[in-house]
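Every read-out reported here was derived from the displayed coordinates using simple, explicitly stated rules and does not represent laboratory data. Please read these numbers as outputs of a predicted model, since none were measured by experiment. Backbone-built Cβ (ideal geometry, glycine too); neighbour counts: all protein chains shown.
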Amino acid sequence: MAKKRTFAPRRRCGTMAAHMRLLEAYAPLRARQARLEQQTARRRSELALAVPKLVTVKVVVNVVYRTEAQNVSNAQVKS
């Protein structure tokens, strides 16, 4: 006879369930959430139309070594 396998119950995060209950119970929260989502959608669409600016990021590279054989060249750093 095969032994029946039992599994531990799966634990889940209750954050979204609690959030949905709050949205159902409180109309002001529901309205605020809707406004936030509308604002987010509007900003995302505005950013999608914007021409991205070229950004230069200055970088400092520190090479730490003990022997000359461990050192890396400037060409390696630049690559």
Query raised in the report: Which of the residues that make up segment 47-77 are under 27 Å from the mean Cα position of the chain (by Cα) and in a loop (DSSP other than H, G, I, E, B)?
Result: A50, V51, P52, K53, L54, V55, T56, V57, K58, V59, V60, V61
Report task. Check whether at least one residue in segment 61-76 is aliphatic (A, V, I, L, M) and either touching a strand residue (DSSP E or B) at 6+ places or on another chain (Cβ under 6 Å) or surrounded by 10 or more Cβ atoms within 10 Å (Cβ to Cβ) (or both), and report yes or no. Result -> yes
**Report entry** Output for segment 1-30, where each listed residue is in a helix (DSSP H, G or I) and of a type in the set (S, T, Y)
**Finding:** T15
